[in-house]
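Please read the structure below before turning to the comments.
The numbers here are math on the coordinates, done by the rules we state, and not lab data. Small disclaimer: the values here were computed from a predicted structure and weren't measured. Neighbour counts run over all protein chains shown; Cβ positions are idealised from the backbone, glycine included.
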Amino acid sequence: MRRGPDWLAHAILGLGVLLFALPVWLVLAGSTQDSAAIARGELSLWPGADGLAAYARAWHGGAPRMLLTSLGMALLIAGGKIVISSLSAFAVAFFRFPFRQVAFWLIFLTLMLPVEVRIIPTYAVMSDFGLINSFTGLWVPLIASATATLLYRQVFVAIPDELIEAARMDGAGPLRFFWDIVVPVSAANTAALFVILFVYGWNQYLWPLLVATDPRLDTIVIGIVKMIAVETQADWAAVMATAVLALLPPVVVVVLMQRWFVSGLTEGEK
């Protein structure tokens, strides 16, 4: 017997979509309206008559530089986390050395520490290395990930022992085994992690705010906050236009890697 549509489920799903999409639509509509009207609380649900003028102001106000800074930081954070986490998990999963499990659990325990607990000693280390107010200081402290290490380990321990023995009989060393077998097997998980870690790096606020006071190193998130915190009346249309521009790179990454992202998540559940 064919069942009819589940209207309650559809209603809940529609409400969820509305709650997520409405703020984005308000930003899109606000970016085409008059800033003074927005400051008076007269934000309309419909696009205004100013068109793309706010986008031009945002573009000439430094948005390209901030977007490039955020893009470089997000790519390096995501890439660094994947490289370090995959190698760490590979060592824990396939090598036998003293205190191997202790090392893994010490990595795992860092998940219990909030970022705020670690941020002061991390800042002190970056200061000792002279990396304050440098692009390197924006991303280097953020390239270690206990979560990614844990996820990679779960994938690696599921590799059949027969495959490991076959690689050993063929004379494959650790690096060749890692590159020719482990990396392809975990490709879908790597793609899913890349999407998550890219968005994580893109949305960083607290660390760039502390480590970089040079305006030339402002990320797009920091730039938006500074646009709001001006002493005179903020150009709210330009702020919203900049927010729309800040949405584009993460959306592009998610859309382009959607198939691999879903595949990586579903494979991780098996």
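If you place +1 on the Cβ of every Lys and Arg, -1 on the Cβ of every Asp and Glu, and leave all else neutral, what size is the dipole of the chain about its Cα centre, to the nearest 20 Debye?
Details: 16 positive and 17 negative charges, 69 e Å.
About 340 debye.
For Leu87 and Ala36, what is the calculated FRET efficiency with R₀ set at 51 Å and r taken between the beta-carbons, to the nearest 0.05?
E(calc), rounded to 0.05, equals 0.40.
Among Trp139, Trp260, Val24, flag the residue with its Cα farthest along the positive direction of the charge dipole of the chain, charges on Cβ as +1 for Lys/Arg and -1 for Asp/Glu.
Trp260
How far apart, in nanometres, would the label points at Ala229 and Ala158 be if each is projected 7 angstrom from Cα along the Cα-to-Cβ direction?
In this crude label model, Ala229 to Ala158 measures out at 4.4 nm.
What are the semi-axes of the equivalent ellipsoid of segment 1-88, taken as the square roots of 5 times the eigenvalues of the Cα gyration tensor, listed largest first and rounded to whole Å?
In descending order, the three semi-axes are 33, 32, 9 Å.
Between His10 and Ala49, what FRET efficiency comes out of the Förster formula 1/(1 + (r/R0)^6) with R0 = 25 Å and r the beta carbon distance, rounded to 0.05?
0.10
Jot down the radius of gyration and Dmax of the chain, Cα atoms only, both in angstrom.
According to the Cα coordinates of the chain, Rg and Dmax are 23.1, 74 Å.
Once you have the Cα-Cα distance between Phe129 and Leu113, take 0.36 nm times their residue separation minus that, and quote the gain in nm to one decimal.
Working: separation 16, 0.36 × 16 = 5.76 nm, distance 2.35 nm.
Computed gain between Phe129 and Leu113 is 3.4 nm.
Relative to the longest principal axis of the chain, what angle (0 to 90°, nearest 10) does the C-alpha long axis of helix 236-256 take?
30 degrees
Could you work out how far the C-alpha centroid of segment 72-130 sits from that of segment 184-250, in angstrom?
Each part's Cα centre sits 22 Å from the other's.
Just need the relative contact order of the chain here, percent rounded to a whole number, with Cα pairs under 8 Å and 6+ apart.
On the way: 264 pairs, mean separation 85.8, N = 270.
Across the chain, relative contact order equals 32 percent.
Report, in whole Å, the centroid distance computed from the Cα atoms of segment 157-175 and segment 1-61.
If we compute the Cα centre of each part, the gap is 53 Å.
What angle, in degrees between 0 and 90 and rounded to the nearest 10, separates the Cα long axis of helix 100-109 from the longest principal axis of the Cα atoms of the chain?
Here the helix axis deviates by roughly 20 degrees.
Work out the FRET efficiency for Gln258 and Arg100 from their Cβ-Cβ distance, taking R0 = 45 Å, and round it to the nearest 0.05.
0.80
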